[in-house]
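To keep things clear, I will list the structure first and then write my remarks on it.
The values are calculated or read from the model by the stated rules, or taken from the named source; none is laboratory data. Treat the numbers as computed from the prediction; the structure is a model and nothing was measured. Backbone-built Cβ (ideal geometry, glycine too); neighbour counts: all protein chains shown.
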Amino acid sequence: MNMEFQSKKLAGIFRLIYIILFLFFLLMPLLMLFEKNGFYPFLIMESIFLIIIFILIVSILKLKIRIEGNFLLIKIIFTMYKTDINKIYKVRKGETMWSGFNKFGTTTNGLIIFTKHLNDLYITPDNEVLFLNELQKINPNIIIENK
């Protein structure tokens, strides 16, 4: 069985933080241009910042949470995280994005997935109920707890 879940979209204060960061990264190299350091240092700094912005945007827009057989996979462009669903023993709902060891969530009020390997995973699937039901179909021993 293969299922794919989108991550929740950025909202509220997090959207504002990302907009401010993007503007900072775009406008910061302009200081180098105005300090008469020449055009090439400006071009190099702007290129580096544009690459950082591109990586951030891709990681937000392309984040996919997949269930493939008995495995839970987190993919951005390639597989970033993979764990056996049968090794998951607990899922905690309503956590913040500052919890967990592996953080692949885009908003708060996500899920922390605890595995027997002690590499906790923070994710924010768009449809939590369907996601948790699919996990429990594969591993009915998973304990779901609210924060």
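Would the stretch 39-47 turn up any residue that is under 15 Å from the mean Cα position of the chain (by Cα), assigned to a helix (DSSP H, G or I), surrounded by 12 or more Cβ atoms within 10 Å (Cβ to Cβ) and not hydrophobic (A, V, I, L, M, F, W, C)?
no
Among the residues of the stretch 1-50, what is the count of those that are small (Gly, Ala, Ser) and more than 21 Å from Thr106 (Cβ to Cβ)?
Adding up the residues that qualify gives 2.
Is it the case, given these coordinates, that Leu61 is free of Cβ contacts under 8 Å to residues at least 12 places away in the same chain and either surrounded by 13 or more Cβ atoms within 10 Å (Cβ to Cβ) or not assigned by TED's automatic domain parsing to the domain that holds Gln6 (or both)? Full working, then the answer.
Values: free of Cβ contacts under 8 Å to residues at least 12 places away in the same chain: yes; either surrounded by 13 or more Cβ atoms within 10 Å (Cβ to Cβ) or not assigned by TED's automatic domain parsing to the domain that holds Gln6 (or both): yes.
In short, yes.
Can you find a residue that is touching a strand residue (DSSP E or B) at 6+ places or on another chain (Cβ under 6 Å) and not hydrophobic (A, V, I, L, M, F, W, C) anywhere in the stretch 56-67?
Yes, the conditions are met somewhere in the stretch 56-67.
Can you pull out the residues in the stretch 135-147 that are in a loop (DSSP other than H, G, I, E, B) and crowded, with 17+ Cβ neighbours inside 10 Å? Quick ask: steps written out before the conclusion?
First, pick out the residues of the stretch 135-147 that are in a loop (DSSP other than H, G, I, E, B): 139-142, 147.
If the condition is that a residue be in a loop (DSSP other than H, G, I, E, B) and crowded, with 17+ Cβ neighbours inside 10 Å, then Ile142 is the only one that fits.
Quick one: in the stretch 117-133, of everything that is touching a helix residue (DSSP H, G or I) at 6+ places or on another chain (Cβ under 9 Å) and at pLDDT 85 or above, which residue is farthest from Lys9 (Cα to Cα)?
Among them, the one singled out is Ile123.
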